[in-house]
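The values are calculated or read from the model by the stated rules, or taken from the named source; none is laboratory data. Computed from a prediction, not measured in an experiment: that's the story for all the values here. Note: ideal-geometry Cβ built from the backbone for every residue, glycine included; neighbour counts use all protein chains shown. The accessibility values were calculated without ligands, DNA or RNA, using every heavy atom of the protein model including side chains. Shrake-Rupley method; radii C 1.70, N 1.55, O 1.52, S 1.80 Å.
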Amino acid sequence: MLLTLAVFFLWYCLWPLFSQYVAADEAEQDAADEQLAPKGPAFSADRAFEFVKKQCEFGPRAMNTEGHERCKEWIVKEFEAAGCQVEQQRVDLVGYDGTTLKATNIIARLNPEQSPRILICAHWDSRPWADNDPDEANWRKPILAANDAASGVAVMLELAGIFTRDTLLNKGIDFVCFDAEDWGTPQWSDQPDLSETWALGAQHFASQLPEGAYQWGVLLDMVGGQGAKFYQEAYSQRYAPDVVKRVWRAARRAGYGSYFPKKEGGGVMDDHVPLCRRGIPVADIVPYYPDCKQSGFGPTWHTLDDDLEHIDRNTLKAVGQTLVQLLVE
């Protein structure tokens, strides 16, 4: 008992010194990372922006709509044009209100012969309702979804094109566009907002995966917004801490550490959670606006203002170049 108390007392006394040492060591490593020359080809924010724009030209891409189907065909063709092997995982899913959702997860494989594989993913469907709009009259209107979710798909399309043209990448990557992410219970509904009503396509995708399908992964969600900063999301920290460290280190090495502060954000029941629970460590790159009264996801989240005017090429560049750095290291 005395020995236990002595050990505890020693730990109690030394822990502050140890913590200071670790913090100083991390700060030194962060500074060293920022001095390293970036690796990999340049990510084109202009091309990524054009990919966002093209998706928006289909109008809202909510489930079971013509815009949704037309956009799906375009995404498939773009990944094929980039040299990917494309599979369409079609499935009927059930929305929070019992609606049958004709969903398609789009899986685009780059270097399909390579193993183990890395997963880069985003959702591609749009929110059917602007239920966070400041004007209640807009709550049942569909949103254009330039940031949530065209931006993530745009970054993946540009990455696929980059690594088809460049031979630096010797990894096997699956770019996966999840469907039916944004049919979660609207705020105006009298039904409970259960986490299971969101990320339906990702839930199905995860349930079909064999053991060891992916080594690790990154989820891109709302990666083109003005003023975006990407804090370290809580579920990512819990299930994929090593991937979080790699992503944030890659951001510093690519010269975009200011977009990726080493601060904890909140937990988001996003597409990465079903994958993490399946045993695949996936880090979520998702914005956090701690001072935004409209939403922690930013002022345009689930509003009619989620349009091209509020997309920032600089944010697309920061995220895209970070992913290039991450994948070539």
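The table below lists the values:
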quantity	calculated
Computed helical MRE - 222 nm, the chain, DSSP H runs ≥ 4 contributing -39500 (n - 2.57), nearest 500	-12500 deg cm²/dmol
With DNA, RNA and ligands ignored, accessible area of Glu57 (1.4 Å probe; Å², nearest 10)	110 Å²
GNM top mover of Lys171, Lys72, Lys263 - the chain, alpha-carbon springs below 10 Å	Lys263
Using θ = phi - 60° and Karplus 6.51 cos²θ - 1.76 cosθ + 1.60, couplings along segment 202-216 (whole Hz; Gly, Pro as x)	5, 4, 5, 4, 4, 5, 9, 7, x, 4, x, 5, 10, 6, 6
Neighbour cut-off at most 16 other Cβ (10 Å), DSSP loop, GluC sites (Glu not before Pro), segment 179-257	Glu211
Volume of the Cα convex hull of segment 269-329, divided per residue and given in Å³	121 Å³
Projected label distance in nm at Ala37 and Asp97, using a 7 Å step from Cα toward the beta-carbon	5.7 nm
Computed lengthening from Glu87 to Glu69, 0.36 nm per intervening residue step minus Cα-Cα distance	4.9 nm
Extension gain from Lys171 to Ala234, taking 0.36 nm per residue of separation minus the Cα-Cα distance	19.9 nm
Accessible area (Å², 1.4 Å probe, nearest 10) - Asp242	110 Å²
Whichever lysines have a C-alpha closer than 28 Å to that of Lys317, once near sequence neighbours (fewer than 8 apart) are set aside	Lys39, Lys53, Lys54, Lys72, Lys77, Lys171, Lys229, Lys245, Lys262, Lys263, Lys293
With every protein chain in place, the chain: carbon and sulfur % of accessible area (1.4 Å)	52 percent
Modelled FRET efficiency - R0 22 Å, Trp216 with Lys77, Cβ distances, 0.05 increments	0.20
Sorted peptide list for 136-145, 271-280, criterion being average Cβ within 10 angstrom, highest first	271-280, 136-145
Gain upon complete extension [Leu209, Trp188; 0.36 nm per residue less C-alpha separation]	4.1 nm
Surface accessible to a 1.4 Å probe, per residue, for the residues of the chain, Å²	45 Å²
For the chain, alpha-carbon Rg relative to the globular expectation (2.2 N^0.38 Å, N residues)	1.03
